[in-house]
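The values are calculated or read from the model by the stated rules, or taken from the named source; none is laboratory data. Remember, predicted model here, so these are calculated numbers, not experimental data. Here the Cβ positions follow ideal geometry from the backbone for every residue, glycine too, while neighbour counts run over all protein chains shown. Ligands, DNA and RNA are excluded from the accessible area calculation, which covers all protein heavy atoms including side chains. Shrake-Rupley method; radii C 1.70, N 1.55, O 1.52, S 1.80 Å.
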Amino acid sequence: MLRDAKTHQEPRTKDQGPERMARADLHVHSCHSKANGNLPLLKSRDCYSSPLDVYRQARARGMDVVTITDHDSIDGCLELLAERPDARDVIIGEEISCWVPDTDLQVHLGAYGMTEAIHRSVQPLRDNVFDVAAYLRASGVFFSLNHLLHFYKDQVPLEAYLRLLTEVPALEVRNGTMLEAHNQLVESIREKGTGSFFSPLALVAGSDAHTLRRVGTTWTAAPGEDAHEFLANVACGLGQAGGVHGTTLTIAGDAYGVIWRYCKSLVGLGPNDHTWLERVFCLATAVASIPFQWLPVAIALRGKRSEARYVDRCARQLREWREGAEAASRAATVSRASAPVLADEEMLG
């Protein structure tokens with residue numbers, strides 16, 4: 001397990017023998033992701049899966065290394081390690097919610113190898129994603145920029161937003177809730193840059209599961225015999241993305257799964273997050289909403305259509321930038337090649 005962010009192990013070299021490719025779902029939630037932005041009034045959690053159930057499901061799906069990246073919490077990982085104190089296959093992870101300063105543009109960073117001290121120190125910095133990134137780098141924590149265009153809605157110019165790529169060591173290139181076109185665009189940005197700048201980045205991939213049914217369906221593969229070696233190789237750029245992309249049904253399925261577990265919690269079959277009066281109100285609301293249970297599908301469909309539009313627009317903008325950069329590069333090459341010829345002609349003249 002990775003209890004100390006500064007613990008370092010060199011990646012394997014070719015003369016150390018055949019490398020074993022391990023897998024890890026590097027983006028998954030548990031019941032310690034407690035805040036649900038869609039249902040704040042009803043006090044629903046974002047996920048109801050216990051950390052131990054997440055671990056068991058990940059292992060059953062073939063994951064060799066397990067992490068839990070709850071929203072602004074490492075409690076899920078700490079609970080898991082309390083139940084499995086000798087585990088060597090657990091990375092303490094966290095999905096840190098940040099903002100681009102002076103905007104409402106939210107950014108999520110997936111951090112791996114967290115400690116309780118680092119987690120506490122990060123919380124006051126979250127209003128400024130650049131401060132969080134600088135602190136994580138200084139602390140030796142490997143982290144990624146997650147679901148690149150998920151929150152982007154023109155709050156800042158696209159080129160200014162993509163400058164974030166120069167602040168992070170890794171990019172989440174496959175998220176199990178994002179459209180395939182979205183993930184492919186992010187992968188192309190990692191491989192080719194934006195045209196105006198290029199920053200070599202490692203990659204991560206994960207399901208972003210909020211229910212057990214999707215844990216381990218999207219993953220990162222890298223050489224490694226244990227969690228330390230695996231993470232060291234991912235950080236060195238040896239990771240490979242695998243598994244499924246997201247669709248409307250992916251989002252709707254997670255929503256229905258969370259709603260079901262929420263309703264069970266209201267009748268005492270889950271975490272007790274409500275007073276008895278709140279429970280009565282929420283149960284009445286749940287019953288009254290039965291005729292509207294088509295809404296999660298409609299909301300998911302609308303969200304995916306919006307995502308597709310932004311991805312298409314950003315892809316066109318990136319093509320223009322790259323074509324412009326290539327044209328400028330060709331012009332510079334021609335100018336350099338013609339310079340000696342002009343100089344010779346001047347001498348002869």
Quick check on the chain: helices-only [θ] at 222 nm, where DSSP H runs of length 4 and up contribute -39,500 (n - 2.57) each and the sum goes over total residues. Nearest 500, please. -14000 deg cm²/dmol
Heads up, the chain by the C-alpha gyration tensor (a ≥ b ≥ c square roots of eigenvalues; a/c under 1.5 rounded, else a/b over b/c prolate, else oblate) looks prolate
Which cross-chain or sequence-distant (5 or more) residues have an amide H under 5 Å from the amide H of Ala22, H modelled 1.01 Å from N in plane? Ala222, Gly224
Tell me, what ³J(HN,Hα) does each residue in region 321-333 have, in order and in whole Hz, if you take phi through Karplus 6.51 cos²θ - 1.76 cosθ + 1.60 with θ = phi - 60° and put x for Gly and Pro? 4, 5, 5, x, 5, 5, 5, 5, 5, 5, 5, 5, 5
Taking square-rooted eigenvalues a ≥ b ≥ c of the alpha carbon gyration tensor, is region 33-78 rounded, prolate or oblate, where a/c under 1.5 means rounded and, failing that, a/b exceeding b/c means prolate? prolate
Calculate the spin-label point distance for Glu116 paired with Gln240, positioning each point 7 Å from the Cα along the beta-carbon direction, and give it in nanometres. 3.9 nm
Per the Debye formula with a single identical scatterer at each Cα and no solvent contribution, what log10 I(q)/I(0) holds for region 218-281 at q = 0.12, 0.18 Å⁻¹? -0.61, -0.74
Please report the accessible area of Glu191 (heavy atoms, 1.4 Å probe, ligands and nucleic acids excluded) in Å², nearest 10. 100 Å²
By how many degrees, 0 to 90 and rounded to 10, does the Cα axis of helix 51-60 deviate from the longest principal axis of the chain? 60 degrees
For region 252-334, dividing by residue count, accessible area per residue (probe 1.4 Å) in Å² works out to 64 Å²
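How would you classify region 139-274 from its alpha-carbon gyration tensor, with a ≥ b ≥ c the square roots of the eigenvalues: rounded for a/c under 1.5, else prolate if a/b is greater than b/c, otherwise oblate? Numbers along the way, then the final one.
Values: a/c = 2.11, a/b = 1.51, b/c = 1.40.
Prolate, since a/c reaches 1.5 and a/b exceeds b/c.
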Restricting things to Cα coordinates, could you compute the convex hull volume per residue of region 252-334 in Å³? 134 Å³
So who's got an amide H within less than 5 Å of the one on Ile92, skipping anything under 5 residues away but keeping other chains? H placed 1.01 Å off N, in plane. Leu2, Gly113, Met114
What whole-number value in Å² describes the accessible area per residue of region 46-139 for a 1.4 Å probe? 38 Å²
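Using a 1.4 angstrom probe on heavy atoms only, work out the carbon and sulfur share of the accessible area of the chain in %. Each step should come with its number before you reach the end.
Details: 9610 of 16850 Å².
Of the solvent-accessible surface of the chain, carbon and sulfur hold 57 percent.
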